[in-house]
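Remarks on the structure that follows.
The values are calculated or read from the model by the stated rules, or taken from the named source; none is laboratory data. Keep in mind the model is a prediction, meaning the values are calculated, not measured. With ideal geometry, Cβ positions are generated from the backbone for all residues, glycine too; neighbour counts draw on all protein chains shown. The area values use the complete protein model at the heavy-atom level, side chains included, leaving out ligands, DNA and RNA. Shrake-Rupley method; radii C 1.70, N 1.55, O 1.52, S 1.80 Å.
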Amino acid sequence: MLYPQKLSSKKSNLIIKSLLIVSIIIAILLVIINKLTTPEIHWAALANSGIIYTWLTVLYSINKNTNIAAHVMIQTIAISILTTFIDYRIGFKGWSLEIAIPIILIIANVTMLILTIVSHRKYIRYAIYQLIICIFSLLPLYFIYEKFIYQNVLSYIAVGISILNFLITILLCARDVKEVIIRKFHV
């Protein structure tokens, strides 16, 4: 029976470096093509931001000690920044703040709730990331208060789900968190 050969670390690094160089070449070509064909529309910046986002995701995912909750948090922040950048580059219609970010926050909070339910015994590993996502989920309230957005329904839903998620997590994991605090701090 033949087993697939495992890639050596050197081969993996070579592949990653080669693909990174190809990505840089593509990004440069996109800028050149953009300047030559349609200099008034900066579509290369959008494509290159997608390339950068993809590489950040790949490099973060390659880390073997990646905590799933940390990955959810990083993706939530990165995708929110990327959608806001894209919205800004195409004339800032506000869809990133009114639609994209609330949907991203809803998905992140539901994902964290599922993680908590599935592995509530390991909740302490996810706690700080969930807290950061909950704080980040309050941003739509700021956007509403500062009148950056006018369609409030999705924003209120995102904030509500975040608060509900946090309360459910506290109910499910309060005993475990208390035990960890007692064990770690000898209280």
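Numbers at a glance
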quantity	calculated
Under 20 Å from the ALA45 label point (7 Å along Cα→beta-carbon), backbone N, the range 66-87	78-87
Gain in span if fully extended, ILE107 to LYS11, counting 0.36 nm per residue against the direct Cα distance	31.0 nm
Loop sites in the range 136-185: trypsin sites (Lys or Arg not before Pro), DSSP, at most 14 other Cβ within 10 Å	LYS147
Using a Förster distance of 35 Å, the FRET efficiency for GLU179-TYR150 (Cβ separation, nearest 0.05)	0.15
Efficiency of FRET between SER18 and ARG89 - r from beta-carbon atoms, R0 25 angstrom, step 0.05	0.30
The chain - mean residue ellipticity at 222 nm from DSSP helices (-39,500 (n - 2.57) per run, n ≥ 4, rounded to 500)	-26500 deg cm²/dmol
Calculated FRET efficiency for the pair LYS35/ILE132, C-beta based, R₀ 35 Å, to 0.05	0.35
Chymotrypsin sites (Phe, Trp or Tyr not before Pro) lying in DSSP loop within the range 71-125, provided at most 14 other Cβ fall within 10 Å	PHE92
Highest average packing first - 124-136, 24-36, Cβ atoms within 10 Å	124-136, 24-36
Sulfur and carbon atoms: percent of accessible area, the chain [1.4 Å]	73 percent
Label assignment, Cα extents along the principal axes in Å derived from the structure, set (i) 65, 61, 33; (ii) 47, 39, 28; (iii) 87, 38, 32	(i)
Long-range lysine pairs (8 or more apart or interchain), the chain, Cα under 28 Å	12
